[in-house]
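Structure, as structure tokens:
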Amino acid sequence: MSKVPELFGSMVFNESVMKERLPKDVFKALKSTITEGTALDPTVANIVANAMKDWAISMGATHYTHWFQPMTGITAEKHDSFITPGAEGAVIMEFSGKELIKGEPDASSFPSGGLRATFEARGYTAWDPTSYAFIKDHTLCIPTAFCSYTGQILDKKTPLLRSMEAISKQACRVLRLFGKDCKHVTTTVGPEQEYFLINKSDYAKRPDLILTGRTLFGAPAPKGQEMDDHYFGSIRPRVKAFMAELDEELWKLGIYSKTEHNEVAPCQHEMAPIFETTNIAVDHNQLTMEVMKRVADRHGFVCLLHEKPFEGINGSGKHNNWSISTDRGENLLEPGNTPSSNAQFLLFLTAVIKAVDEYQDLLRLSAASAGNDHRLGAHEAPPAVVSMYIGDELGAVVDAMVSGKTYHAAEKTHMDIGVSALPNIPKDTSDRNRTSPFAFTGNKFEFRMPGSTFNVACTNTILNTAVAEELRQFADELEQAENFEQALSELIIREIKAHKRIIFNGNGYDDAWLVEAKKRGLSNLASTPDALPHYTDKKNLQLFTRHGVYTPVEVGSREEILLEEYAKTLRIEALTMLDMLRKLILPACAKFSRDLAEGVALKKQIGVDAPAEVEMVRRVTDKTAALSAAQDVLAHKVEAAKDVLTEAFAVAPGGVGARKLSRYYRDEVLPAMKEARKLADELENLVSKEYWPFPTYSDILFYV
Ligand code: ADP
Ligand code: MG
């Protein structure tokens with residue numbers, strides 16, 4: 001491997017390349033576009049485009065693409081080559097400022113939730129200069145936002161950028177009250193990515209993995225994760241080689257891949273990057289997932305990003321570490337060393353507490369999908385109830401403030417605290433709470449609900465906007481105050497008292513917590529069809545419109561797209577199950593019992609009884625009949641979904657119809673799938689291995 005510093009960012013049109021390749025004044029203009037969002041002059045854009053093209057060609061690129069994040073959750077690209085006809089039948093390589101700034105992919109095949117009729121298929125992509133262009137597969141990729149011609153947003157990135165503006169504006173207002181001249185505040189994100197690596201040869205034999213990303217059948221292996229021997233265990237050489245190449249590929253793309261380790265489940269691993277500005281972190285996480293899949297392929301592996309590829313062992317999540325910092329690099333969620341800096345910290349902390357309490361439904365639905373429904377509340381990931389962990393030390397400070405009592409710090413300083421006499425807030429020394437959905441981890445929050453396949457743009461759009469709203473309310477109130485310190489103290493105490501119910505430092509996996517959470521009035525949106533309809537609750541529409549993040553129509557379209565995605569996912573899973581049952585599992589069971597029966601008959605001819613085999617034939621035959629019946633039930637439910645669909649949309653097109661359809665899949669199709677799986681898994685344990693038509697959990701998870 002060449003030296004890491006040289007390798008790092010070598011495929012990125014980053015600041016040092018810009019500096020080297022652009023005239024000074026153009027570089028300056030571009031820099032102010034990047035940092036302050038000033039519009040770029042067309043002549044400047046032309047020069048930038050040309051420099052980008054020359055650089056890309058020198059790195060072996062032949063094509064360019066606007067790289068965007070439609071509502072499918074994955075990234076999209078359409079490649080154009082740089083070639084333009086030149087004189088005498090030759091070509092020249094060209095790329096204009098116009099092509100850099102704006103693209104026009106045919107938008108008709110991307111989900112829009114009724115926003116854009118297919119006949120008005122046009123949408124356009126607009127360059128996001130804050131995220132560097134990069135080269136992937138001989139193609140210059142330009143990060144962009146994606147909108148319809150009527151201006152409605154069709155992607156996940158535009159609202160994210162808007163939410164970052166919103167929180168910046170409100171946080172700057174608050175900071176001004178503390179006498180700070182701050183022009184810009186950004187949120188930062190470090191998304192930890194979990195994944196599984198399995199053998200390509202096993203994958204190729206499992207239609208369920210190929211078509212749905214998860215196993216729809218599979219009896220548990222005799223061994224699971226109970227020995228805790230995988231987590232942080234030594235990494236097998238083949239996986240190690242994969243990780244080394246993954247790091248190298250990510251570093252080339254300027255992604256700070258930092259930590260790689262084994263996770264709890266067999267074959268499960270994690271990569272944690274160093275945090276970055278939110279929109280860039282989101283772009284980089286999307287790229288990371290893509291690169292993981294590709295590098296895995298080169299090592300004879302398949303990388304599974306599904307939230308629950310295997311039943312009975314842990315699934316995969318994506319921990320969204322989030323904080324806010326100023327243009328001077330001050331982390332606003334870092335407790336300070338003086339009472340006044342701690343007062344500022346406590347105000348931002350209060351804003352987050354209030355935001356999480358008031359918008360718990362939005363945070364929950366930002367992690368809702370068919371795949372993630374298998375994880376949340378399954379004692380391996382946080383429950384579907386959103387709560388916050390702030391640690392013992394900070395908890396004690398907060399308790400003392402609201403109760404007006406004396407604060408007993410760990411190092412035995414006792415003090416009465418008002419904002420003017422805040423103690424040094426000690427860093428939490430207690431164990432981190434791994435079961436909390438939203439945990440304070442010293443200088444940032446870790447939101448642990450999102451699933452491993454998620455584009456975390458949505459989660460961060462919601463988080464940024466919700467906190468922006470609380471900061472707006474605080475700024476409105478405090479800007480009017482005559483005595484700032486007193487008003488600040490009153491506000492913090494009042495708001496913490498009002499939203500204390502969201503703080504829970506105990507074990508989130510404990511069933512008793514669900515009872516307690518209900519008493520506290522916290523919402524428990526157990527499944528995706530329960531969660532998503534809250535997108536369009538009045539308070540949530542108000543939130544998004546007030547901060548210019550989404551229009552109500554855009555929120556409605558998102559709800560509809562995601563509910564439909566849920567129904568479609570379950571439909572594909574059910575159809576895949578039926579296919580596997582008919583073509584693989586039932587025939588295998590029939591053949592096994594028939595061969596056994598033939599053996600029994602042969603033995604009988606020579607006067608030998610075979611009672612054990614007779615019993616096996618009986619058991620397998622009976623269970624096969626039950627499975628066949630379960631298959632019929634499932635087939636019927638899937639077929640009937642068509643009528644539910646027609647009826648639901650006839651009565652109520654759009655969101656309401658999608659709600660009904662998603663509930664039908666959850667309540668009717670999912671249980672029928674579970675029943676069929678249960679019987680098939682029992683049969684797997686009755687049928688001889690040589691007859692079983694695809695690799696089992698033991699084969700996949702322990703023989704890699
Ligand atoms: P762990 O939770 O495993 O102990 P760390 O505390 O090192 O790990 O960080 C976990 C993730 O949080 C990393 O991706 C890291 O970059 C990210 N992180 C650290 N500080 C911040 C911050 N200020 N804003 C956003 N993410 C952060
Ligand atoms: Mg973590």
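Nothing in this text is a laboratory measurement; each read-out follows from the coordinates by a stated rule. If you're wondering where the values come from, they're calculated on a predicted model, not measured in any experiment. Neighbour counts are summed over all protein chains in view; Cβ atoms, including those assigned to glycine, are modelled from backbone coordinates with ideal geometry.
A straight chain from Thr72 to Gln480 at 0.36 nm per residue would run longer than the Cα-Cα distance by 142.4 nm.
For the peptides 294-301, 473-480, 445-452, the ranking by packing is 445-452, 294-301, 473-480, with the highest mean count of neighbouring Cβ atoms within 10 Å listed first. The calculated FRET efficiency for Ile606 paired with Val515, based on their beta-carbon distance and R0 = 60 Å, is about 0.40. Dipole of segment 596-658 computed with +1 at Lys/Arg Cβ and -1 at Asp/Glu Cβ about the Cα centre; of Leu627, Ala648, Gln605, farthest Cα towards the positive end is Gln605. Each DSSP beta bridge with both residues in the chain is either parallel or antiparallel, and the antiparallel ones are about 90%. Among Asp208, Asp595, a tally of other beta-carbon atoms within 10 Å of each Cβ gives an order, fewest to most, of Asp595, Asp208. Give the percent of DSSP beta bridges with both residues in segment 163-550 that are antiparallel, rounded to the nearest 5. Restricted to segment 163-550, the bridges split so that about 90 percent are antiparallel. Residue exposure proxy: Glu290, Glu495, Glu639, ordered by other Cβ atoms within 10 angstrom of their Cβ from fewest to most, comes out as Glu639, Glu290, Glu495. The phi torsions of segment 211-219, fed into the Karplus equation with coefficients 6.51, -1.76 and 1.60 and a -60° offset, translate into couplings of 8, 10, x, 9, 7, 8, 9, x, 6 Hz, rounded to whole numbers, with Gly and Pro shown as x.
Over the chain, DSSP H runs of length four or greater, each weighted -39,500 (n - 2.57), average out per residue to a 222 nm ellipticity of -15500 deg cm²/dmol. Taking amide H positions as modeled 1.01 Å from N, with prolines and chain starts lacking one, the residues under 5 Å from His261 and 5 or more places away or on another chain are Glu270. Checking the table Lys19/Lys444; Lys180/Lys539; Lys642/Lys678; Lys31/Lys102 against a 23 Å threshold on Cα-Cα, which pairs fail? Pairs exceeding 23 Å: Lys19/Lys444; Lys180/Lys539; Lys642/Lys678. Please work out whether segment 163-550 counts as rounded, prolate or oblate from its C-alpha gyration tensor, where a ≥ b ≥ c are the square roots of the eigenvalues and a/c under 1.5 means rounded, while otherwise a/b larger than b/c means prolate and anything else oblate? Since a/c reaches 1.5 and a/b is larger than b/c, the shape of segment 163-550 is classed as prolate. By the equivalent-ellipsoid construction on the alpha carbon gyration tensor, the chain comes out with semi-axes of 46, 35, 25 Å, ordered largest to smallest.
In this structure, the amide hydrogen of Phe301, modeled 1.01 Å from its nitrogen in the peptide plane, lies closer than 5 angstrom to those of Lys200, counting only residues at least 5 positions away or on a different chain. Taking amide hydrogens as placed 1.01 Å from N in the peptide plane, the amide H of Phe504 sits under 5 Å from those of Met388, Tyr389, Ile390, each at least 5 positions away in sequence or on another chain. Just name one of Leu209, Ala145, Val515: the one whose Cα is farthest towards the positive end of the charge dipole of the chain (beta-carbon charges, Lys/Arg +1, Asp/Glu -1). So the residue we want is Leu209.
Going by a ≥ b ≥ c, the root eigenvalues of the Cα gyration tensor, does segment 1-73 fall in the rounded group (a/c under 1.5), the prolate group (a/b larger than b/c) or the oblate group? It comes out oblate by the Cα gyration axes. Taking 4 °C and 1.567 mPa s as conditions, segment 253-306 diffuses translationally at an estimated 107 µm²/s according to Stokes-Einstein applied to its Kirkwood radius (Cα pairs). Rounded to the nearest 10 degrees, the angle from helix 392-403 to the longest Cα principal axis of the chain is 60 degrees. Compared with the dominant Cα axis of the chain, that is its longest principal axis, helix 157-177 is turned about 40°. Phi angles across segment 566-578 convert, under the Karplus curve 6.51 cos²θ - 1.76 cosθ + 1.60 with θ = phi - 60°, into 3J(HN,Hα) values of 4, 4, 5, 4, 5, 5, 4, 4, 5, 5, 5, 4, 4 Hz, Gly and Pro given as x. Taking a ≥ b ≥ c as the square roots of the Cα gyration tensor eigenvalues, segment 562-702 comes out prolate, since a/c reaches at least 1.5 and a/b is larger than b/c. Counting only residues at least eight positions apart within a chain, or on another chain, the lysines with an alpha carbon under 22 Å from that of Lys240 are Lys3, Lys200, Lys252, Lys258, Lys293, Lys318.
Counting only residues at least eight positions apart within a chain, or on another chain, the aspartates and glutamates with an alpha carbon under 18 Å from that of Lys519 are Asp357, Glu358, Asp361, Asp510, Asp511. Compute the angle between helix 42-58 and the longest alpha-carbon principal axis of the chain, please, reported from 0 to 90 degrees and rounded to the nearest 10. Rounded to the nearest ten degrees, it is 50.
Phi angles of segment 13-22 translate, via the Karplus equation with coefficients 6.51, -1.76, 1.60 and θ = phi - 60°, into HN-Hα couplings of 7, 9, 4, 5, 5, 4, 4, 6, 9, 10 Hz per residue; Gly and Pro are given as x.
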